[in-house]
Amino acid sequence: MKQTPLPAQYFLVVLLWMMWCTLHSSLIATTVTDCVKKKLGSRFRFYRLFFNIVSLVTFIPLVHYSASFRQVPIFRWEGTLVIAKYLLLVTSLSLFVAGAKHYNLSQFLGIHQIKTGRTDQTLSKGYTFDKSGILGMIRHPWYTASIMVVWARDLSLPDLLINIVVSAYFIIGTNLEERKLLREYGEKYREYQQTVSMFIPYKWVKRKVNGKHSVGSPPRTLSRHR
């Protein structure tokens with residue numbers, strides 16, 4: 001069988017990742033979820049689980065295909081850079097753990113929705129808008145951690161292209177998610193955006209440098225029952 005030229009392989013893998021990212025975002029887009037909810041009614045509580053299953057089933061073969069033609073790395077974490085690599089990994093792990101203290105894992109997986117019928121946008125525990133702990137430093141610790149993990153590896157040209165697509169997906173997807181949260185919480189979330197950074201805690205650092213230790217009392221507004 002004639003092999004596909006490498007440039008065509010690169011184009012194909014980038015296209016497939018872009019398609020996966022588009023599918024992933026589209027399934028949870030407000031216009032889609034609102035339409036599905038109207039059609040499914042109470043059965044909409046199964047939608048988050050369905051979304052997770054579809055995402056995983058399409059993700060695994062894509063990762064397998066991407067790994068099947070990796071080339072010699074064009075960038076390696078070696079020498080003193082190894083320290084930076086492990087700092088990234090340790091920081092990302094810390095962010096995952098810190099975020100898990102505030103997020104409802106059962107709700108993230110879609111199990112809680114099936115049990116309770118609730119489909120709130122927020123994944124925080126207790127159905128509250130929480131900005132304590134790590135959420136007072138950055139708004140999306142899990143997304144920040146995911147971006148760090150993606151880049152903390154040796155990179156071949158396909159890996160580099162995939163990383164660019166995935167990183168762009170995280171950034172675009174986060175902004176789309178924030179539109180939902182603005183619709184959910186309105187001005188309270190807008191104030192949160194103004195005081196807490198999205199990915200990099202520069203606003204938190206600035207407050208510490210200026211000697212301001214508080215971002216105001218954390219709003220704990222119960223989200224609407226959907």
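Worth a mention:
- Sorted by Cβ density within 10 Å, fewest first, the residues 154, 159, 34: 34, 154, 159
- For the stretch 74-176, the square roots a ≥ b ≥ c of the C-alpha gyration tensor eigenvalues yield an a/c of 1.5 or more together with a/b exceeding b/c, which makes the shape prolate.
- Gap separating the Cα centres of the stretch 14-57 and the stretch 144-173, nearest whole Å: 22
- Ascending count of other beta-carbon atoms within 10 Å, so fewest first, for 21, 35: 35, 21
- The orientation-averaged shadow of the Cα convex hull for the chain, equal to a quarter of the hull surface, comes to 15.2 nm².
- Relative contact order computed over the chain (Cα-Cα under 8 Å; 6+ residues apart), in percent: 27
Every read-out reported here was derived from the displayed coordinates using simple, explicitly stated rules and does not represent laboratory data. Keep in mind the model is a prediction, meaning the values are calculated, not measured. Cβ atoms come from the backbone with ideal geometry, glycine included; neighbour counts cover every protein chain shown.
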